[in-house]
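Step one of this worksheet: look at the structure below.
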Amino acid sequence: MRSDGRARDALRQVTILPDFVRTAYGSCLISFGMTRVICTASVEEKVPPFLEGRFSGWLTAEYAMLPASTGRRKERDGVKRDGRGVEISRLIGRSLRQAVDLQRLGKRTITIDCDVLEADGGTRTAAITGGYVALCLAIDRLIREGKLKESPVVTQIAGVSAGLFQGQPLLDLAYCEDSAADADVNVVMTSNHELVELQGTGEGRAFSRAQLDELLTLAQSGIDQLMQMQREALDGRANVIAPQQTLVVASNNAHKIRELTHMLGNRYRVISMREAGVDTDIDETGDTFAENAVIKAEAVRDATGYLTLADDSGLMVDALNGAPGVHSARFAGAHGDDAANNQLLVSKLLPHPRPWTAQFVSVLALASPFAPTRTFEGVCPGEITETARGTGGFGYDPHFIYDGKATFAEMPEGEKNLISHRARAMDKLREALACAP
């Protein structure tokens with residue numbers, strides 16, 4: 001039996017009191033048994049010098065034990081900071097940075113201050129767990145003040161300790177257990193149970209891989225409980241945790257939006273520019289697909305404040321020296337008149353020898369409010385057939401044969417979405433996004 005009567009896999013009594021410090025952007029008082037930590041989040045509209053021009057915000061942390069936190073007076077940190085406090089400050093900062101897409105945070109710094117009122121073991125993991133709540137409250141306030149359009153919080157973070165005490169694996173060690181433990185670990189995880197930090201030490205003796213696995217299983221169970229407590233403490237403000245990021249497609253073309261939505265999966269909440277409140281035509285004055293895609297993406301981004309994806313695509317026919325090219329949608333005059341465009345295309349090709357080789361080209365431009373615009377090009381080769389075939393697709397699809405077999409209009413939508421010019425551009429975009437936070 002543990003000194004406080006808990007089961008070996010039980011947390012101490014945990015309470016999280018949000019909004020504890022009225023003057024902070026976000027704050028809470030978190031208690032693990034007799035361990036109590038005040039966590040506050042402060043916001044500055046600037047970044048450290050090493051991030052200037054890097055299109056990134058910053059999150060850092062400071063940790064300190066107040067003078068009477070251990071029962072005897074602890075001297076305050078002065079010019080020469082306590083080494084343990086510096087190490088734990090860095091741990092908290094590293095851990096909580098995993099929770100935030102720093103690029104989407106914008107050019108600002110959030111500082112999480114964790115001050116221990118009373119220490120009875122597990123102060124660093126309590127600080128991380130409470131610091132996350134303070135962070136989310138600060139993000140909620142930034143959104144309410146209109147300084148952020150959407151939450152940049154991408155996952156939940158919490159931490160807990162576990163250890164071997166008299167040969168038994170225990171969760172959430174109090175000081176009397178921690179100080180006499182054979183081994184102890186501090187574990188920080190995301191909501192997907194990915195490890196952010198793992199600090200383990202054989203204090204009294206070495207411990208085995210099997211024992212470490214036991215401790216990690218205990219810690220994961222405790223972290224799941226702590227994350228539920230974090231959400232309960234945040235209450236309605238928990239909606240800042242990992243929401244779908246809005247992505248505006250700079251188009252009102254239902255076919256194109258459906259295609260892009262299917263390719264992106266469920267990572268984003270995809271909406272049309274009209275749904276985002278932009279209902280004006282954008283002049284495509286560029287001479288290339290890339291120029292036009294960038295013009296559209298940046299115009300909608302500036303109007304909405306959201307991440308915006310624009311596609312400029314078209315058909316380039318070799319016999320017509322690359323025409324219709326950037327004029328594909330208005331080849332016959334009126335924008336989007338597919339029948340007239342196809343009729344004009346075939347009439348212009350009839351004097352030329354066959355095969356009529358061609359390629360569909362797509363350039364995707366991704367315009368972010370917080371980063372430079374990027375472009376991704378996809379090319380799909382094929383040839384033009386005189387007779388329209390198929391009832392699917394749109395634009396020139398009934399006349400574009402891929403791989404000498406079916407036209408795009410004859411293919412099932414799912415099959416086309418695997419090999420089309422837009423799919424090839426999207427593959428490059430997805431690859432780039434996979435490297436992003």
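The values are calculated or read from the model by the stated rules, or taken from the named source; none is laboratory data. Note that the coordinates shown come from a computational prediction; the quantities given were computed from them, not determined experimentally. For neighbour counting, all protein chains shown are included, and Cβ atoms are generated from backbone atoms with ideal geometry for every residue, glycine included.
Set side by side, the residues SER31, SER27 differ, and just one is assigned to a strand (DSSP E or B) and within 18 Å of ASP120 (Cα to Cα), which is SER31. Annotation note: Cβ proximity below 7 Å between a residue of segment 128-141 that is touching a residue at least 12 places away in the same chain (Cβ under 8 Å) and a residue that is of a type in the set (Ser, Thr, Tyr) and in a helix (DSSP H, G or I) (sequence gap 6+ or interchain) occurs for ILE128/SER95.
The number of residues in segment 3-19 being under 23 Å from THR70 (Cα atoms) and surrounded by fewer than 17 Cβ atoms within 10 Å (Cβ to Cβ) comes to 6.
Screening the candidates ASP120, ASP113, ASP184 for the property of being under 26 Å from the mean Cα position of the chain (by Cα) and either part of a loop (DSSP other than H, G, I, E, B) or not hydrophobic (A, V, I, L, M, F, W, C) (or both) yields one hit, ASP113. May I ask you to verify whether GLY33 is in the same structural domain as TYR132 (by TED's automatic domain parsing) and either crowded, with 16+ Cβ neighbours inside 10 Å or among the aromatic types (Phe, Trp, Tyr) (or both)? Yes, satisfied. Just one residue in the set ALA134, ALA158, ALA162, ALA138 is part of a helix (DSSP H, G or I), closer than 18 Å to ILE88 by Cα and at pLDDT 95 or above; that residue is ALA134. Output the residues belonging to segment 386-406 that are over 37 Å from the mean Cα position of the chain (by Cα) and in contact (Cβ under 8 Å) with a residue 24 or more places away in the chain. Residues satisfying the conditions are GLU386, ALA388, PRO398, HIS399, PHE400.
Condition check: buried (at least 19 other Cβ atoms within 10 Å of the Cβ), in the same structural domain as ASP224 (by TED's automatic domain parsing) and over 27 Å from TYR268 (Cα atoms). Does LEU135 satisfy that? Judged against the criteria, LEU135 is not a match. Cβ separations smaller than 6 Å between residues 6+ apart or across chains give no pair from segment 96-122 residues that are outside the structural domain of VAL153 (by TED's automatic domain parsing) to residues that are buried (at least 22 other Cβ atoms within 10 Å of the Cβ) and small (Gly, Ala, Ser). Look at (1) free of Cβ contacts under 8 Å to residues at least 60 places away in the same chain; (2) surrounded by fewer than 20 Cβ atoms within 10 Å (Cβ to Cβ); (3) part of a loop (DSSP other than H, G, I, E, B) and you find that LEU418 fails only one, number (3).
The residue pairs whose first member lies in segment 205-227 and is without any contact (Cβ under 8 Å) to a residue 12 or more places away in the chain, whose second member is in a loop (DSSP other than H, G, I, E, B) and surrounded by 15 or more Cβ atoms within 10 Å (Cβ to Cβ), and whose beta carbons are closer than 7 Å, counting only pairs six or more residues apart or on different chains, do not exist in this structure. Within segment 346-365, does at least one residue satisfy the condition of being within 30 Å of THR308 (Cα to Cα) and either among the charged types (D, E, K, R) or not assigned by TED's automatic domain parsing to the domain that holds PHE289 (or both)? Within segment 346-365 (the criterion being within 30 Å of THR308 (Cα to Cα) and either among the charged types (D, E, K, R) or not assigned by TED's automatic domain parsing to the domain that holds PHE289 (or both)), the answer is no, since none of the residues qualifies.
Within segment 166-181, being surrounded by 15 or more Cβ atoms within 10 Å (Cβ to Cβ) and either free of Cβ contacts under 8 Å to residues at least 24 places away in the same chain or under 32 Å from the mean Cα position of the chain (by Cα) (or both) holds for LEU171, ASP172, ALA181.
Looking across segment 256-291, just one residue is modelled with pLDDT under 85 and among the hydroxyl-bearing types (Ser, Thr, Tyr), and that is THR261.
Exactly one of (1) under 22 Å from SER31 (Cβ atoms); (2) outside any loop (DSSP other than H, G, I, E, B); (3) at pLDDT below 95 is unmet by GLY200. Its number? If we test GLY200 against (1) under 22 Å from SER31 (Cβ atoms); (2) outside any loop (DSSP other than H, G, I, E, B); (3) at pLDDT below 95, just (1) comes out false.
Per the listing PRO412, PRO398, PRO372, the residue uniquely surrounded by fewer than 17 Cβ atoms within 10 Å (Cβ to Cβ) and over 30 Å from ASP302 (Cβ atoms) is PRO412.
Please tell me if LEU195 is closer than 21 Å to GLY93 by Cα, at pLDDT 95 or above, within 35 Å of the chain's Cα centre (by Cα) and surrounded by fewer than 16 Cβ atoms within 10 Å (Cβ to Cβ). Judged against the criteria, LEU195 is a match.
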